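Inspection log for the structure reproduced underneath, given as structure tokens.
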Amino acid sequence: MNSVLLIASESRGARLKSDLEYVGYAVIHVHLEGDTEAFTDLDGESPIDLVLLEPNLDRLSKDIRRVKGTEQVRNKPLIVIADEVIANNLDFSLGIDDFIISPYSLREIEARLRLALWNEDRPDDKQTLKADELTINLQRYEVRVRGTVINLTLKEYELLKHLVTHRGRVFTRSDLLDSIWGYDYYGGMRTVDVHVRRLRSKLHDFGPSITTVRGVGYRFDPSKKSET
């Protein structure tokens, strides 16, 4: 569950907090009035994924700077809820990622939150291996198929990464044992077969991408992905 820090007035913020919790977000609501230091000390709160700010026009830049100066949220996406007057005075050099014009719908806010979180979660291309809708995040040791995380053991992950990195190349079982398990590994060749079988099962219709080359070994061929 993603956590949102909502900085808004008590009256407007209470309704939005309830709406966001209804659609599945954990919300920490901080009042703007009479609580000037409330969001500069969040150490006791849950980790925050995104900040939603509804500022006052007379302290617009000040509130944004305070958010960006708070250690726990300074690098998190910041979305500002603004009327037309505030929107015309937004200074994006302060670190605003997006804004929503009020009056707004919950559907619009939910869509903007999803987009901001997706952009935040998206890895740098240098840290990503992709094959159609299969993505390997090298920084997080994470594999996703169509955005869904696939739970792999470390050896399953290393085996898949090795095959995808060298897609189209055929590796013998001995090659894979040496590369993934190391030269001093005493297990048999069946170790590779077992891990390939598990990978195919976990990857669902991407499983057939790991093809068997009879009498030789395995290769990754995304063109063999099942169409079902």
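Between A111, A26, A82, the GNM of the chain built on Cα springs shorter than 10 angstrom shows A111 fluctuating the most. In bins 10 Å wide, starting from 0, what share of all Cα pairs of the chain does each bin hold, as a percent? Calculated P(r), rounded to whole percents: 7, 27, 22, 15, 16, 11, 3, 0. By the Stokes-Einstein formula, at 1.306 mPa s and 10 °C, region 93-225 with its Kirkwood radius over alpha-carbon pairs has D equal to 94 µm²/s.
Using the crude model of +1 on Lys and Arg Cβ and -1 on Asp and Glu Cβ, and no other charge, please compute the dipole size for the chain relative to its Cα centre, in debye to 20. Walk me through the intermediate numbers first.
Details: 33 positive and 37 negative charges, 332 e Å.
My answer is approximately 1600 debye.
In the chain, the portion of solvent-accessible area held by carbon and sulfur atoms comes to 46 percent [1.4 Å probe, whole percent, DNA, RNA and ligands not counted].
Taking 0.36 nm per intervening residue step and subtracting the Cα-Cα distance, what contour gain separates T148 from R200 on full extension?
On the way: separation 52, 0.36 × 52 = 18.72 nm, distance 1.57 nm.
Going from the current span to full extension adds 17.2 nm.
Rounded to the nearest 500, the 222 nm mean residue ellipticity of the chain from helices alone is -9000 deg cm²/dmol, with -39,500 (n - 2.57) taken per DSSP H run of at least 4 residues. Taking Cβ atoms as reference points and 14 Å as the exclusive limit, the residues near V170 contribute a net charge of +4, counting Lys and Arg as +1 and Asp and Glu as -1.
Can you give the accessible area per residue of the chain, in Å², using a 1.4 Å probe?
Working: 12950 Å² over 228 residues.
Here the residues of the chain average 57 Å² of exposed surface.
The values are calculated or read from the model by the stated rules, or taken from the named source; none is laboratory data. No experiment lies behind these values; they were computed from the predicted model shown. Neighbour counts run over all protein chains shown; Cβ positions are idealised from the backbone, glycine included. All accessible areas refer to the heavy atoms of the entire protein, side chains included, with ligands and DNA or RNA removed. Shrake-Rupley method; radii C 1.70, N 1.55, O 1.52, S 1.80 Å.
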